[in-house]
Amino acid sequence: MEFYTQNGRVRPVRLCDETRKFAHDSLNRKYGLDTLRVDSVELDNLAGLDEMSLLEKYDAAILNIAKNAPIRICDGEKLSGAATLGLAVRHCVPATFGGNPIFLGISHLTVDFETVVTKGINYIKEKAEKYYRIHKATDREEFSKSTLNCIAAFEIWHKRYLDALDDKPEYKANYENLKRVPFEPATNFYEAVQSIWFTFAFIRLCGNWPGIGRIDYLLGDYLKKDLSNGTITLDEAREILAHFFIKGCEWVNGQYIGSGDAQHYQNLVISGIDEDGCDVTNEVTYLVLDILEELGISDFPTTVRVNPNTDEKLLRRVAEVMRYGGGMLAIYSEDVVIESLVKDGYTLSEARKFANDGCWETQVPGKTFFIYSPFDAVQFLQQMTFGAYNKKPEFKSFDELYDKFIRDLRTTVNNFYEDKKRFSVRDDSVPGGWRWTQQSACTVVSLFEEGCIEKGYSYQDGGPVYNINALHIGGLADTVNSLYAIKKLVFDDGLVTLERLFEILKNNWEGEEVLRQIALNRYTYYGNDNDEVDLLCARILSDFADICTSYYGKCGYKLSAGVSTFGRQLEWSPLRLASPHGRRIGEVLAANCSPTPNTDKEGATAIIRSYCKADHTKIPTGAALDIKLLPSSVEGEEGLQALVALIRGFVALGGFFMQPDVVDASVLKCAQEHPEDYQTLSVRVSGWNARFITLDKEWQDMVIAQNEH
């Protein structure tokens with residue numbers, strides 16, 4: 001059995017044949033298609049559903065899921081538990097009434113697996129019972145009761161698996177392992193892995209898409225103890241952990257064509273320091289890299305926390321795995337992320353705990369409500385600042401134009417604030433000083449977010465310790481380049497008046513091809529290590545961050561600044577007018593914090609230098625830099641060293657988050673024409689990876705265009 005690579009390299013073989021077959025079957029949809037066999041549980045015959053409150057309906061849905069979801073035991077699996085209802089794959093609680101789901105799922109969070117592993121679900125149950133007594137006869141009683149109901153449903157699902165395993169002697173190890181966890185604390189590595197997996201599977205079964213977080217931090221001490229006392233070997237541990245990754249492919253089905261079939265936000269974070277500043281890199285860190293290298297499983301996008309003291313051995317292993325392609329590994333510049341969170345008001349010890357939201361935006365796991373709202377700065381610039389090119393411009397200098405842009409940006413942030421503040425009301429009588437309006441029911445994830453049980457408020461209703469509603473600026477490079485082109489064409493070089501340029505842009509550059517070519521080719525845009533344009537980008541980001549920060553304390557959310565598109569440039573492009581940097585109406589342009597396609601002429605190092613001129617410590621939810629590398633550029637020892645140096649340089653220059661992908665656009669074109677030959681070809685799309693053939697034609701074309709240059 002071979003696992004696909006773009007560069008033709010043969011992947012190493014460390015795992016046994018049975019585990020490799022399990023991986024092969026999973027990646028080739030065996031269990032994902034089985035998941036689609038039963039879409040949901042039906043609540044149509046449930047008496048009194050119409051008269052139930054929102055939380056009562058939710059509890060009834062979770063109970064029916066726990067009682068009736070199909071039990072799946074895969075051939076030879078070492079871990080038990082599976083999210084077997086198809087509607088959960090579509091981000092819905094898989095319980096329907098009249099054929100329709102009642103509740104949506106929750107994503108963009110990483111839950112508290114640390115408490116699950118070290119203390120167990122029974123610890124959470126005891127806490128829920130305590131606070132149910134406290135909140136009884138208050139407006140928080142119903143939610144507190146819901147926490148107990150959902151734990152009871154979890155217990156039912158757990159018993160169903162124990163009963164299913166009990167009469168199968170070939171799964172005796174699974175049965176014995178599952179008897180204690182996740183309800184009691186794990187006592188060894190095997191139990192710890194099973195504890196995380198079973199809890200993760202239940203949360204997913206209920207329609208949610210959580211991230212995993214710092215898996216080596218969670219599991220490292222258990223493995224170290226087992227290795228030292230001789231109860232497990234490193235090879236045995238690798239087999240167990242490989243099954244965690246393989247079972248994470250249980251939703252691979254190839255049926256949902258669009259933005260990719262692996263967009264479930266089950267991200268991992270490895271390496272870095274703990275809350276005391278000690279390096280957490282351990283045997284599990286390297287086992288994760290071994291498994292990714294051998295099996296090429298892209299369903300757990302993994303980010304490595306790197307700092308100036310990161311061991312060369314680890315960086316070399318990261319580079320070795322990264323150059324197989326598939327976009328499975330990304331990089332956090334750890335010191336910058338931690339500094340950004342401290343500046344944002346977190347304590348140093350809390351900031352050091354960071355993982356992500358299951359995509360790449362940073363958060364403290366198990367304590368953070370997170371949601372983001374992106375806006376296209378290109379449309380905003382064209383429609384608000386430039387008046388859709390219909391108003392006579394009265395800017396006497398570029399600084400006047402820029403000041404108007406920032407005033408308009410402040411208006412946009414204020415509108416966002418006005419929209420979000422209605423969900424929270426100042427009330428000093430409740431924990432944290434804010435009361436939230438109930439939004440929806442989501443008790444299952446609330447069990448694993450610190451603050452929810454204690455406060456008596458759910459994850460969406462202000463329960464977690466931290467509540468972040470981030471505003472993300474999109475189309476950043478196109479906005480920067482548009483402003484820079486005006487600065488050069490109009491104010492510096494005097495090639496055209498601003499009034500005339502607006503007329504030209506309103507007419508989509510028709511009849512002005514010479515000027516358009518000047519705009520396209522004469523100027524050195526963002527991504528080429530040109531201080532003049534790069535510092536304009538840095539200025540915009542700094543001003544945007546300051547505007548967002550000015551709203552802190554005015555409502556229950558932090559309005560943190562971030563940068564992203566996440567592929568939305570596809571839906572935004574039809575709404576854009578022609579751009580001053582030579583682009584016509586409707587062109588699909590820059591992604592995240594990356595350059596406008598075909599404007600970066602100087603290679604990856606220049607892109608990184610441009611990106612790193614911004615002060616990323618002011619952007620606490622992050623700004624993703626996409627780097628595309630040809631397989632030939634990372635071949636051999638020289639290529640390996642170059643990739644290590646690229647990572648080191650990114651960290652040294654003050655980057656935040658970098659997602660490299662090693663990919664050849666010619667291979668992607670072949671896959672587009674002959675998808676049957678490229679079933680498991682994975683590409684980095686944005687904060688997630690996707691099998692290329694599960695992207696629709698528009699998404700495929702965008703990914704090809706991003707890699708072609």
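The values are calculated or read from the model by the stated rules, or taken from the named source; none is laboratory data. Here the structure is a predicted model, which means the values were calculated and not measured. Every residue, glycine as well, gets a Cβ built from its backbone with ideal geometry; the counts of neighbours run over all protein chains shown. These area figures cover heavy atoms from the full protein model, side chains too; ligands, DNA and RNA do not enter into them. Shrake-Rupley method; radii C 1.70, N 1.55, O 1.52, S 1.80 Å.
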Across the range 225-241, what is the total count of residues that are within 15 Å of N174 (Cβ to Cβ) and either among the small types (G, A, S) or not in a helix (DSSP H, G or I) (or both)?
0
So which pairs qualify, if the first residue must be in the range 170-186 and under 14 Å from I196 (Cα atoms), the second must be open to solvent by 70 Å² or more (accessible area, probe 1.4 Å), the Cβ gap must be under 6 Å, and the two must be at least 6 apart or on different chains?
P185/K119
Select from the range 87-127 the residues that are surrounded by 22 or more Cβ atoms within 10 Å (Cβ to Cβ) and of a type in the set (G, A, S) and write down the one among them that is farthest from I203 (Cα to Cα).
A95
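Given the residues E394, E400, E450, which is the only one that is within 30 Å of G358 (Cβ to Cβ) and open to solvent by 10 Å² or more (accessible area, probe 1.4 Å)? Talk me through it step by step, then tell me what you get.
Details: E394 fails: within 30 Å of G358 (Cβ to Cβ); E400 fails: within 30 Å of G358 (Cβ to Cβ).
When all the criteria are applied, what remains is E450.
Which one of these is at pLDDT below 95, more than 24 Å from the chain's Cα centre (by Cα) and under 30 Å from S632 (Cα atoms): R11, R20? Outline the logic, then answer.
Working: R20 fails: at pLDDT below 95.
Every option except R11 fails the conditions.
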Does the range 542-584 hold any residues that are in a loop (DSSP other than H, G, I, E, B), of a type in the set (K, R) and within 25 Å of L489 (Cα to Cα), and which are they?
R576, R584
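What are the residues in the range 222-247 that are in contact (Cβ under 8 Å) with a residue 24 or more places away in the chain, of a type in the set (G, A, S) and farther than 15 Å from K21 by Cα, if any? Explain how you work it out, then say what you get.
Step one: filter the range 222-247 for residues in contact (Cβ under 8 Å) with a residue 24 or more places away in the chain, giving 222-227, 231-232, 234-235, 237-247.
Okay, now just the ones that are also of a type in the set (G, A, S), so 237, 242.
If the condition is that a residue be in contact (Cβ under 8 Å) with a residue 24 or more places away in the chain, of a type in the set (G, A, S) and farther than 15 Å from K21 by Cα, then A237 is the only one that fits.
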Can you find, within the range 621-635, the residue that is nearest to K601 (Cα to Cα) among those that are open to solvent by less than 10 Å² (accessible area, probe 1.4 Å) and not in a strand (DSSP E or B)?
V634
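Condition first: aliphatic (A, V, I, L, M), within 28 Å of N188 (Cα to Cα) and either in contact with a helix residue (DSSP H, G or I) (Cβ under 7 Å, 6 or more places away or on another chain) or part of a loop (DSSP other than H, G, I, E, B) (or both). Now tell me which residues in the range 242-272 satisfy that.
Filtering the range 242-272 down to residues aliphatic (A, V, I, L, M) leaves 242, 246, 252, 257, 262, 268-270.
Restricting the remaining residues to those that are within 28 Å of N188 (Cα to Cα) gives 242, 246, 268-270.
Selection gives A242, I246, L268, I270.
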One residue from G86, G76, G105, G120 being within 27 Å of I468 (Cα to Cα) and in contact with a helix residue (DSSP H, G or I) (Cβ under 9 Å, 6 or more places away or on another chain)
G105
Residue list for the range 319-369, restricted to those being farther than 27 Å from V683 by Cβ and assigned to a helix (DSSP H, G or I):
D335, I338, E339, S340, L341, V342, K343, L348, S349, E350, A351
Starting from residues that are more than 22 Å from E155 (Cβ to Cβ) and among the basic types (K, R), keep the ones in the range 51-98 and report whichever is modelled with the lowest pLDDT.
R90
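The rows are residues; the columns are (1) in contact with a helix residue (DSSP H, G or I) (Cβ under 8 Å, 6 or more places away or on another chain); (2) surrounded by fewer than 20 Cβ atoms within 10 Å (Cβ to Cβ).
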| position | (1), (2) |
| --- | --- |
| E513 | no, yes |
| N521 | no, yes |
| Y525 | yes, no |
| V533 | yes, no |
| C537 | yes, no |
| S542 | yes, yes |
| A545 | yes, no |
| G553 | no, yes |
| G556 | yes, no |
